[in-house]
Structures are given as structure tokens and as C-alpha cells.
Amino acid sequence: MVVYEMLQSGRFDEKEILLLDKDPKRSNDRTWCFWEKSRGEFDTIVSKSWKQVLFANDNFKNAIGLSPYEYKMIRGLDFYNLVFDKLSTAKNIHFTNENVVDFAEHKTYCTVKTTVQDFSCSKIFNSILNLDVALAQDKYPVLRQHFTGWFIKTEQSVFNDRQATFMDFSIRQHGNTRFMYVLPTSPTEALVEYTLFSKDLLPQEEYDTAISAYLQKLSILDFDIVGKERGSIPMTSYKFWQKNSKNILHIGSAGGWTKASTGFTFKNTQKKAKSLAAFLQTRDDLRKFHKTSRFWFYDLLLLDILDAHNEKGCAIFSSLFAKGDETLILRFLEEETSFTEDLKVIWKCPKRLFARALLDRLLK
Ligand SMILES: Cc1cc2nc3c(=O)[nH]c(=O)nc-3n(C[C@H](O)[C@H](O)[C@H](O)COP(=O)(O)OP(=O)(O)OC[C@H]3O[C@@H](n4cnc5c(N)ncnc54)[C@H](O)[C@@H]3O)c2cc1C
């Protein structure tokens, strides 16, 4: 996304850019969803979009009309193909598949070491996530959004493909924050994901058993599993950007670009990549790129609560997505609300929990 935005800006034609990835990115390794108003930059590869999403728990079901937003889905492979087609038109951008083992900043230049060779350059943008640095500290909790999804196909029409299930908490929580996420792409096809926001991953069969039980609950008994997807996305307010230096910038999840409270990264990365491409046109010192906002602190409070009381996720997200101004919540999660609007959102949340988390955090 960063190199794509640099190319789109037309301002880096004089630079030699090397993109290093151990993986050629030729497989459909993930499905991205994000909400967006009207037309978007990647609309040509959006494979499905929904104008309505469902939020559910044991007590209520809320079908949320998203207007002016749509919830859009992009297949990873379509994104890689689009980006690499575009990059292949630029003579100054090269893509090499090598495993990076080290990189460093020296006085006047940087070096990158792969298993094959060494490179020197003036700037490094690193997206290799090192979660160990976050796990080695205890100031900021580190949770994960971890999930397994099944792509299923049925004979009969069983899905309402005009509505995606954003969060369905009407499943056993087992002391955690656990929900189902369903993306129906047609009446007979859907991606059904069992998702947790918690510290520890589960044994693989537990995710599979939960999906199976959920499909049974929906009376979907006759289906084929045509694919699977797994993921573990870091949810933490750990300040990855503290490791940025004059000439090395950590980007993507490795740079803290994942929204800590939700795991959503795609849209945030698009925004950051655009502002980085603009920043680089006039500034040189990469330590100046990161700006901490008040949303970082809100996310931290939520994670403090989920870390100490992982079972409270259902109550917190239910209070946010109960009937009311739900698109305000989407704007809040996109970090595009005013401070007064933030207060409206925060007011919907369980107050004692957040007051306690605030107090504990201030005393830390
Ligand atoms: C299955 C899945 C589904 C997701 N769905 C969503 C979603 O719906 N919405 C959303 O907003 N976010 C989603 N995310 C989260 C997030 O958007 C993605 O993880 C996103 O790809 C993060 O971008 P990134 O650049 O930080 O990391 P990546 O896209 O993982 O890129 C890092 C790259 O570094 C390469 N690499 C790693 N180590 C080395 C090495 N030593 N040498 C060379 N190359 C190396 C990898 O091959 C990889 O290509 C999802 C994540 C996963 C895994």
C-alpha cells in the first residue's frame, strides 16, 4: 500500500525502490473487509459489498443500515494482482523475493541483510512484525483478534447476501470475547468465521467445532467447505513507533497501524500510506511521522478492560451497537468523530468499567 501510494503520487520517479518479501504474494491468503463511504480507490476489486450488517447477542438482533457507508470485501489475491500490475509499469520499482534476516541504520545509510545478499539504502520501511517486543513489556496489554473461517457452499439458498453478520455474540463466551462473523457472498456461499478477542490462541479443533455448531444452529447442515482462512492480528496499544528512527519507519501492523481495539488495519493503512507518501515529499526525518491521537488512549482503556475482564467484550460491544446512532460508532472506530461525538459514544459504554479502567491507567 505504501509503495502503491508513492507510485500514485508521481513524486518518487527519481528514487530506486526495492520491495523485499519472502512471499511472492500469489495466493489468496486473506480476505479484507472495511467500511467506506460511497466510491473508493479499490472499488474495481471489491468482490462484494453490503449496505446492512447484523449485530446480535442472546437478547437482541440489530440489523444496522450502514448508509452513507458500505461494508466492502476485497480478496487478498485481487489486491496483490492490482498492486503488482501497477508496480510493474514503473522502471524504478523492483520486487525481489528474499528472506530478510536483519536491517540496521548506520550514520549515513541503512543496510538490509537477506539470506542471499546485503543491500544498502537511504530509507527502510519495515512491515515485518516483531510481536516479541510488545510481549516483553507489561505496560500495555497485548491481545489478539484470532479466528478461523470456513468458506462454505450449500445446495439450497440459505444466506441473506444483502446483510453481513458483523458480530454475533449469541454463542458461548467461555469467559472470553467470542463472536461469529459471517460474510455471505451469495445465497449459497459465505465465509463463516469464529473470532475471539483474547490473549491466547485456541487449539485448532476448537475453532472448527464452534463453526460447525453455529452452522447447525442456523440449520445449515448440508454444505461443502471450499476453503479455510486463519489469522491472528495483534490488538495492543504498545508504541511500536518508538522504534522508528531517522531513516527506518515501521509500517503496517509492525508500525502500530492496526486499530488496537478491533484489529481492523486495511483502511487505516490506506490512510497512513497516503499521508506517508505526502510526508516524504517534504520531510526527511521519519521519527516525525507518527502522531498519537486521543483514540490511542480510548483503545488502550478498552484493551485494559478486555485484558482484565475478557468476558466483558459482549456487554461492551452490545452497548455500542444497541439501537441508536450506529453509524456514529463506525465513524468513531474510523477515528473521524469530534470530541463531543466521542463523548456520546463513550457515554453508551458500561460507565463503571471504563471509569475504573481510567483510574487504574492514570495511577499506573
Ligand atoms: C486472514 C486475515 C484476515 C484479515 N482480515 C482483515 C479485515 O477484514 N480487515 C482489516 O482491516 N484487516 C484484516 N486483517 C488484518 C490486516 O489488514 C492484515 O493482517 C494486513 O495484511 C496487515 O498488513 P501488514 O503490511 O502489516 O502485514 P502483511 O500483509 O502480513 O505483510 C507483511 C509482509 O512481510 C513479509 N515478511 C514477513 N517476514 C519476512 C521476512 N523475514 N523477510 C521478507 N518478508 C517477510 C510477509 O510475507 C508479508 O507479505 C486480516 C489479517 C489476516 C491474517
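What follows is calculated from the coordinates using simple rules that are stated; it is not laboratory data. In this text, all values refer to a predicted model and were calculated from it rather than measured experimentally. Backbone-built Cβ (ideal geometry, glycine too); neighbour counts: all protein chains shown.
With unit charges on the beta carbons (Lys and Arg positive, Asp and Glu negative) and the dipole taken about the Cα centre of the stretch 6-45, which residue among Thr44, Pro24, Leu7 sits farthest to the positive side? Of the candidates, Thr44 comes out farthest on the positive side. Taking the centroid of alpha carbons for each part, the stretch 147-203 and the stretch 38-79 are 14 Å apart. Above 17 angstrom, tally the Cα pairs of the stretch 170-243 and express them as a % of all pairs, no decimals. Across the stretch 170-243, Cα pairs with separations above 17 Å total 51 percent.
For Lys239, a cut-off of 20 angstrom between C-alpha atoms picks up these lysines, skipping any fewer than 8 places away in its own chain: Lys139, Lys199, Lys259, Lys267, Lys271, Lys272, Lys288, Lys291, Lys364.
Only Cα pairs under 8 Å and at least 6 apart count here; give the relative contact order of the stretch 232-288 as a rounded whole percent. So the answer I get is 38 percent. Remark: the stretch 293-309, residue by residue, has Karplus-estimated 3J(HN,Hα) of 10, 5, 5, 4, 6, 4, 4, 4, 4, 4, 5, 4, 5, 5, 6, 7, 9 Hz, where x stands for each Gly or Pro and the curve is 6.51 cos²θ - 1.76 cosθ + 1.60 at θ = phi - 60°. Taking the alpha carbon gyration tensor of the chain, multiplying each eigenvalue by 5 and rooting it gives semi-axes of 35, 26, 20 Å, largest first. Placing unit charges on the Cβ atoms only, positive for Lys and Arg and negative for Asp and Glu, gives the stretch 85-175 a dipole magnitude near 200 debye about its Cα centre. With contributions of -39500 (n - 2.57) from each DSSP H run of at least four residues, the per-residue ellipticity at 222 nm computed over the chain stands at -9500 deg cm²/dmol. When we measure straight from the Cα of Lys25, which lysines land under 17 angstrom away, once same-chain ones fewer than 8 places off are left out? Output for Lys25: Lys86.
Each peptide in 296-306, 98-108, 240-250 receives the mean, over its residues, of other Cβ atoms within 10 Å, and ordering these scores from highest gives 296-306, 240-250, 98-108.
For the stretch 261-278, 3J(HN,Hα) computed residue by residue from phi via the Karplus equation (6.51, -1.76, 1.60; θ = phi - 60°) reads 7, 10, x, 5, 10, 4, 5, 4, 5, 4, 4, 5, 5, 5, 6, 5, 4, 6 Hz, glycine and proline entered as x. Here's how it looks for Thr185: its modeled amide H is under 5 Å from those of Ala190, Leu191, which are all 5 or more places away or on a different chain.
Placing +1 on the Cβ of every Lys and Arg and -1 on the Cβ of every Asp and Glu, with nothing else charged, gives the chain a dipole about its Cα centre of roughly 1160 debye.
Protection proxy ranking for 10-17, 265-272, using the average of other Cβ atoms within 10 Å per residue and placing the highest first: 265-272, 10-17.
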